[in-house]
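Reading through the structure tokens given below for one structure.
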Amino acid sequence: MTAEATPSLVEATGGPAEAGPSVRGPRARTRTAYLRYVAGKLGGAAVSLLAVLVTSFFLFRLIPGDPVKYMTGGRQVSAEQLANYRKEFGLDLPMWEQFTDYCGKALTGDLGTSYQFRAPVIDKITEALPNTLLLTGTAFVLYTALGIFIGTRSAWRNGGLSDRLNTGLALTLYSIPSFWLGLLLIIVFSVGMGPIPGLFPTGGMESGGKEGFAYVVDVAHHLVLPVVTLVAVEYGQTLLVTRSALLDEMGSDYLTTARAKGLRDDLVRRRHAVPNALLPTVTLIFINLGRTVAGVILVETVFSWPGLGGLFYQALSVPDLPLVQGLFFVFAAAVIVMNTLADLIYPLLDPRVGR
């Protein structure tokens, strides 16, 4: 065959024209499947946020109490003054009109004005948020690292003495109410009991009157007991989930192959078993990460920590409806967003997800 005839033959058969799509086809289908997966997860998150917005409005209307009477401070006021208060905060409007006004403002970032503080709800949230993140963020890092470390070692030594002790301790602490453990720690280590002197403050975030490095040390001193409470109660969940996921991977053929190649047991665990067992733990980590924003209402209340949890407790006691609604929405939104991020990261850890 001559060289001149070759191009015409190639053109007639359409060889090069079909080669490109045959190579790019699977990748394009994978991208399309992932985009559909992402769109589905984002759509589900949007629906969940809308449901939370609606629930936050109607749920707290069931709380007994009149916020207008709270705002008067127990003073004798006329019916006209009460009516003026109701008009100022829109409580005289029909329920459907209050709901549409709340939803419209919430979609623009306006969560209303607090009854008791007479300040925008978003300002009160941003004021207390750093304190909550300091407490729950510190505890989150500690109990996540501790739970994964002990969980992997317990699974690798399944049935041994250390596994039984770690699992039993984790189950015991995980079943203890956080407020009860916090009160117990205050009695023993703050007030003092028998030969144990009072070593830590009973509550609050700072003693006051300190600056610079002395202020940092003071805050850290106040941080010890609430962080210990959260770590003790929460690390067990991460330990148990990690241990269970790793036990499911223990009998896999790829681990037997890795050992047969002469890899050390520690290397097999770190490089092969643990990465493949992390999907359930990743979900839990992201959910807990969302809860760092929500804070821990009972622990913050027990230790008088000035965070979002304590603010929520204050708002419930009034009831301060705009503040309660705003905090509830922020708490739920943080968990929903983090859970959605976990779903979007799944395909990066396991390509089978999202196909």
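The values are calculated or read from the model by the stated rules, or taken from the named source; none is laboratory data. Worth saying up front: this structure is predicted, and the values here are computed from it rather than measured. FYI the Cβ positions are ideal-geometry reconstructions off the backbone, even for glycines, and counts take in every protein chain you see. Heads up: the accessible areas ignore ligands, DNA and RNA and are worked out on the full protein's heavy atoms, side chains in. Shrake-Rupley method; radii C 1.70, N 1.55, O 1.52, S 1.80 Å.
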Practice problem: Pull out the extension gain between residue 79 and residue 253, defined as 0.36 nm times the separation in residues minus the alpha carbon to alpha carbon distance; nm, one decimal. | Solution: 54.8 nm
Quiz item: Of the peptides 271-280, 34-43, 331-340, 207-216, how do they stack up when ordered by the mean number of other Cβ atoms within 10 Å, highest first?
Solution: 331-340, 271-280, 34-43, 207-216
Quiz item: Using modelled backbone amide H atoms (1.01 Å from N, in-plane), which distant-in-sequence or interchain residues come within less than 5 Å of residue 113's amide H?
Solution: 121
Quiz item: Residue by residue, what Karplus-based ³J(HN,Hα) values in Hz, rounded to whole numbers, does region 36-52 have, using 6.51, -1.76 and 1.60 with θ = phi - 60° and x for Gly and Pro?
Solution: 5, 4, 5, 4, x, 5, 5, x, x, 5, 5, 5, 4, 5, 5, 5, 5
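Quick one: dipole size for region 167-318, taken about the Cα centre, charges +1 on Lys/Arg Cβ and -1 on Asp/Glu Cβ, in debye to the nearest 20.
The dipole magnitude comes to about 480 debye.
If you wrap region 187-234's Cα atoms in a convex hull and average its projection over all directions, what's the area in nm²?
Projected over every direction and averaged, the Cα hull of region 187-234 covers 3.9 nm².
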Quiz item: How many percent of the accessible area of region 207-355 is carbon or sulfur, using a 1.4 Å probe?
Solution: 63 percent
Self-check item: Projected label distance in nm at residue 265 and residue 211, using a 7 Å step from Cα toward the beta-carbon
Solution: 5.8 nm
Quiz prompt | Candidate lysines for bridging to residue 105, where Cα separation is under 24 Å - those fewer than 8 sequence places away on the same chain excluded | solution = 87, 124
Self-check item: Accessible solvent surface per residue of region 272-316, calculated while the other protein chains remain in place, 1.4 angstrom probe, Å²
Solution: 35 Å²
Quiz prompt | Reference-scaled alpha-carbon Rg (2.2 N^0.38 Å with N residues) for region 165-246 | solution = 1.34
Quiz prompt | From phi via Karplus (6.51, -1.76, 1.60), per-residue ³J(HN,Hα) for region 277-288 in Hz, x at Gly/Pro | solution = 9, 8, 4, x, 5, 4, 4, 5, 4, 5, 5, 5
Practice problem: For residue 105 and residue 145, calculate 0.36 nm times their separation in residues minus their Cα-Cα distance, and state this gained length in nm to one decimal. | Solution: 10.4 nm
Quiz item: Once amide H atoms are built 1.01 Å from N in the peptide plane, which residues 5 or more positions from residue 305, or in another chain, come under 5 Å H to H?
Solution: 204
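Please work out the average accessible area per residue across region 76-235, using the 1.4 Å probe convention, and give it in Å².
56 Å²
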Exercise. Assign unit charges at the C-beta atoms only (+1 for Lys and Arg, -1 for Asp and Glu), then state the dipole size of region 75-185 relative to its Cα centre in Debye, rounded to the nearest 20.
Key: 580 debye
Quiz item: Just going by the charge dipole of region 81-227, with Lys and Arg at +1 and Asp and Glu at -1 on Cβ, which of 191, 215, 119 is farthest out on the positive end?
Solution: 191
Self-check item: Relative packing of 117-123, 323-329, 220-226, which averages over residues the other C-beta atoms within 10 Å, highest first
Solution: 323-329, 220-226, 117-123
Quiz item: Where the centroid of each part is defined by its Cα atoms, how far is region 194-244 from region 311-338 in Å?
Solution: 24 Å
